[in-house]
Amino acid sequence: MARYTATFSIVNHSDHAYQTACNLLKQSGFRLLHESQDYIMGTEKPGRVKFSLLTTAEILIEVPHNHSSLTLEMLVKNEELPLNANNHCKQVFDHLQSVFLECCEWSASLTASH
């Protein structure tokens, strides 16, 4: 199973960071399966790739008590064996990572990526 993770530090965010994250996933071709203020789960819409290659994205949003910045942890996974370094899951992960970093709704920095 292919799995890729990234942790973002989000500063200068609005109170709607959760909704922004949902919108970014939807704009990237994901169908949302679960939404709450601290957790979002979505799956890639079928049609572009084989069923076994469809990715799932999970986003955990942690808001500190001082509300200065929040931490966003993203996990992208699928059933594909990551035999090739440039597999479908990695491509989707790289795309989502750049979408979250370039979002004009907030200032994001990548703190860790695996």
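The values are calculated or read from the model by the stated rules, or taken from the named source; none is laboratory data. Note that the coordinates shown come from a computational prediction; the quantities given were computed from them, not determined experimentally. Methodologically, a virtual Cβ is constructed for each residue, glycine included, from the backbone with ideal geometry; neighbour enumeration extends over all protein chains shown. When the accessible area is computed, the model is the full protein with side chains, heavy atoms only, and any ligands, DNA or RNA have been set aside. Shrake-Rupley method; radii C 1.70, N 1.55, O 1.52, S 1.80 Å.
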Taking K and R as +1 and D and E as -1, what net charge do the other residues with C-beta under 12 Å from the C-beta of Leu70 add up to? -4
Given a 1.4 angstrom probe, I'd like the percentage of the accessible area of segment 7-114 that is carbon and sulfur, rounded to a whole number. 52 percent
Residues of segment 76-90 with the amide nitrogen closer than 20 Å to a label point 7 Å from the Cα of Leu32, along Cα-to-Cβ, please. 76-77
Here the chain gives, from Cα atoms, an Rg and Dmax in Å of 13.8, 44
Computed helical MRE - 222 nm, the chain, DSSP H runs ≥ 4 contributing -39500 (n - 2.57), nearest 500: -7000 deg cm²/dmol
